[in-house]
Every structure is written in structure tokens, then in C-alpha cells.
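**Q** Take a look at this one; I'll ask things after.
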Amino acid sequence: MIKVNDVSKTYGKGDNLFTALYKISLEVPEGSTVAIIGKSGSGKSTLMHIMSGLDHASSGEVVIGGKSLTEMKAKQIDAFRASEMSFIFQAFFVEANQSCFQNVMLPLEIAKSPRSQRKKRVEAALKAVGLEEKVDALASTLSGGQKQRLAIARAIVNKPKIIFADEPTGNLDSATGELVIDLLFELNKKLKCTLVVVTHDGELADKCAIRIEMKDGEIISASNSKTKKVVRRV
């Protein structure tokens with residue numbers, strides 16, 4: 001369960017004060033799929049960054065699995081992210097001059113996973129995204145869709161409880177984007193992980209159980225597609 005309690009985020013001071021988020025409250029059940037939508041500048045990426053501990057709220061609290069990110073020190077948050085979360089971004093952020101195997105191995109090295117398990121887990125993650133035959137290929141030789149699938153393999157190799165994806169189909173053509181969307185939801189079911197997606201993609205948002213729409217730093221609507229009920233917000 002992710003709980004966001006009365007979170008605000010401001011930048012600057014005085015006449016230059018800018019409110020990116022204003023008193024956001026919501027709950028995300030474990031294992032659910034969530035789309036955060038809105039126009040550019042609506043605050044959706046800022047909300048994701050604060051929910052994941054990549055950024056800090058100016059006020060309010062984020063609680064994940066009963067643990068408050070707000071009360072953690074920087075090193076504790078880093079360790080918590082490494083063990084509980086993974087990230088997928090629009091720009092892929094793969095290491096072009098490293099092999100697919102080396103790219104996917106990186107989170108295991110950061111988390112200091114047992115060396116005896118690393119090779120097996122990397123190969124399993126690459127197989128899950130259909131890149132098992134590219135294990136030794138340099139990332140620079142992959143197509144855009146393959147690079148995003150490589151980024152997904154890297155994201156799931158630690159079997160995270162939460163995957164945060166920021167515009168994961170933004171740099172892909174529609175056909176490849178569809179394949180990536182299907183893969184993300186397949187992994188959500190297999191891993192039973194929570195999937196939180198920031199997106200402009202209406203098709204992707206429609207597939208999510210919870211849809212949160214933002215405007216000017218506030219939630220203007222939040223609904224559960226299965227029950228048609230509004231999820232808790234303040």
C-alpha cells in the first residue's frame with residue numbers, strides 16, 4: 001500500500017514561489033495498476049518522484065508498506081528504493097557500450113545480491129522481455145523498442161514490489177508502444193507488483209485499474225475503473 005498524505009511541493013521563495021503540488025492525498029492498493037495523467041506542468045511527474053522518494057515533499061507524508069519515506073534519511077531511502085522499487089523512463093537510460101547482460105546486472109550489483117544468483121536472475125529477466133538471444137549484444141545495437149524492453153528487464157531483475165514508469169512509451173512508435181504496454185501489464189500480473197505509470201497515452205491509462213487526473217498541482221479526478229468509484233483523495 002502506498003499512502004500519500006496531504007503532500008505539497010513548492011519551489012523558490014517570495015515572489016518566485018511556485019507550487020508544484022498542493023495537498024495531495026491518495027491511496028494505492030498493493031498490486032494495483034495506476035495511471036497518473038494530465039497536461040505538461042500538471043505535477044504528475046513531480047508526484048511520482050515524491051511517491052518514490054526521488055524527491056522530497058515540502059510538507060505532508062508518503063508511507064509505503066507502513067514505512068514513512070518522510071522520516072528516512074537519504075541513505076535509508078536509497079536502500080529502500082533498491083530493495084522495493086524499480087524505475088522505467090522515456091529516455092531508456094541504458095548503457096550503450098555495455099552488453100544487455102551487463103545492463104541488467106547493474107541493479108543486482110547495487111543491491112549487493114548474492115553473486116551465485118545473479119547470472120540466473122539476469123537471464124530470467126531478459127527472457128521475460130524476449131531478449132534472451134541478445135544477452136551478449138551491446139545495448140547500442142538494439143532498436144528503440146528493444147532498448148525499452150532492456151530497461152524493463154533491468155527494472156524487474158530485483159523482483160520489485162513497485163514499478164514506477166514515467167512515459168514508458170513516449171519514444172516509441174504506436175505498434176512498439178503497444179507491445180511494451182502489454183509486457184508491463186503481463187509483468188504486473190506475474191510479479192504481483194504495483195505499477196504506477198505517468199503517461200499522456202490514453203490507451204495505456206485506460207488499461208490501469210486506477211486513473212488519477214491532475215491539473216495545476218492538484219488531483220481533479222481519481223477513479224477505479226473496476227468499481228467505477230472515486231478513490232480516496234482530499
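**Q** Subtracting the Cα-Cα distance from 0.36 nm times the residue separation, let me have the gained length for D216 to K39 in nm, one decimal.
**A** 62.8 nm
**Q** Regarding region 134-234, what is the average projected area of its C-alpha convex hull, in nm²? Spell out each step's value before the answer.
**A** Details: hull surface 31.3 nm².
About 7.8 nm², averaged over all directions.
**Q** Can you give me the three principal axis dimensions of the chain from its C-alpha atoms, in Å, biggest first?
**A** 52, 39, 36
**Q** Still on this structure, I have one more. Between their Cα atoms, which of K44/K127; K9/K147; K119/K189; K119/K147 are more than 29 Å away from each other?
**A** Working: K44/K127 32 Å; K9/K147 33 Å; K119/K189 24 Å; K119/K147 20 Å.
The pairs that break the limit, which is 29 Å between Cα atoms, are K44/K127; K9/K147.
**Q** Explain nothing, just compute: Karplus ³J(HN,Hα) = 6.51 cos²θ - 1.76 cosθ + 1.60, θ = phi - 60°, for every residue of region 45-55 in order, whole Hz, x for Gly and Pro.
**A** After applying 6.51 cos²θ - 1.76 cosθ + 1.60, I find 5, 4, 4, 4, 5, 6, 4, 9, x, 6, 9 Hz.
**Q** For K23 and H56, calculate 0.36 nm times their separation in residues minus their Cα-Cα distance, and state this gained length in nm to one decimal.
**A** Net length gain for the segment: 10.5 nm.
**Q** Chymotrypsin sites (Phe, Trp or Tyr not before Pro), restricted to region 46-126: which are DSSP loop and have at most 16 other Cβ atoms within 10 Å?
**A** Working: sites: F80, F87, F89, F92, F93, F101; in loops: F92, F93.
Here the chymotrypsin sites (Phe, Trp or Tyr not before Pro) that fit, given the DSSP loop and packing criteria, are F93.
**Q** Separate question: If you stretched the chain out fully between A96 and K189, how much longer would it get, using 0.36 nm times the residue separation minus the C-alpha to C-alpha distance? Could the numbers behind the result be given before it?
**A** Values: separation 93, 0.36 × 93 = 33.48 nm, distance 2.99 nm.
Contour length minus Cα-Cα distance gives 30.5 nm.
**Q** Now for a different question. Considering all alpha-carbon pairs of region 42-150, what whole percent are spaced by more than 20 angstrom?
**A** Details: 2980 of 5886 pairs.
Result: 51 percent of Cα pairs exceed 20 Å.
**Q** Which shape class, rounded, prolate or oblate, goes with region 1-95 when its Cα gyration tensor gives a ≥ b ≥ c as root eigenvalues, a/c under 1.5 marks rounded, and past that a/b bigger than b/c marks prolate? Numbers along the way, then the final one.
**A** Numbers: a/c = 1.41, a/b = 1.24, b/c = 1.13.
Judged from the Cα gyration tensor, region 1-95 comes out rounded (a/c under 1.5).
**Q** At most 16 other Cβ atoms within 10 Å and a DSSP loop assignment: could you name the trypsin sites (Lys or Arg not before Pro) in region 55-122 that fit?
**A** On the way: sites: K67, K73, K75, R81, K112, R115, R118, K119, K120, R121; in loops: K73, K112.
Loop-located and lightly packed - K73, K112.
**Q** Starting from the 7 Å offset along Cα-to-Cβ, what nm value, one decimal, do you get for the label separation of A124 and D78?
**A** 2.7 nm
**Q** What trypsin sites (Lys or Arg not before Pro) in region 1-56 are in a loop by DSSP, with at most 15 other Cβ atoms within 10 Å of the Cβ?
**A** Details: sites: K3, K9, K13, K23, K39, K44; in loops: K13, K39.
Here the trypsin sites (Lys or Arg not before Pro) that fit, given the DSSP loop and packing criteria, are K13, K39.
Values in this text are rule-based calculations from the coordinates and carry no lab data. Quick caveat, the model's predicted, so the values are computed rather than measured. For neighbour counting, all protein chains shown are included, and Cβ atoms are generated from backbone atoms with ideal geometry for every residue, glycine included.
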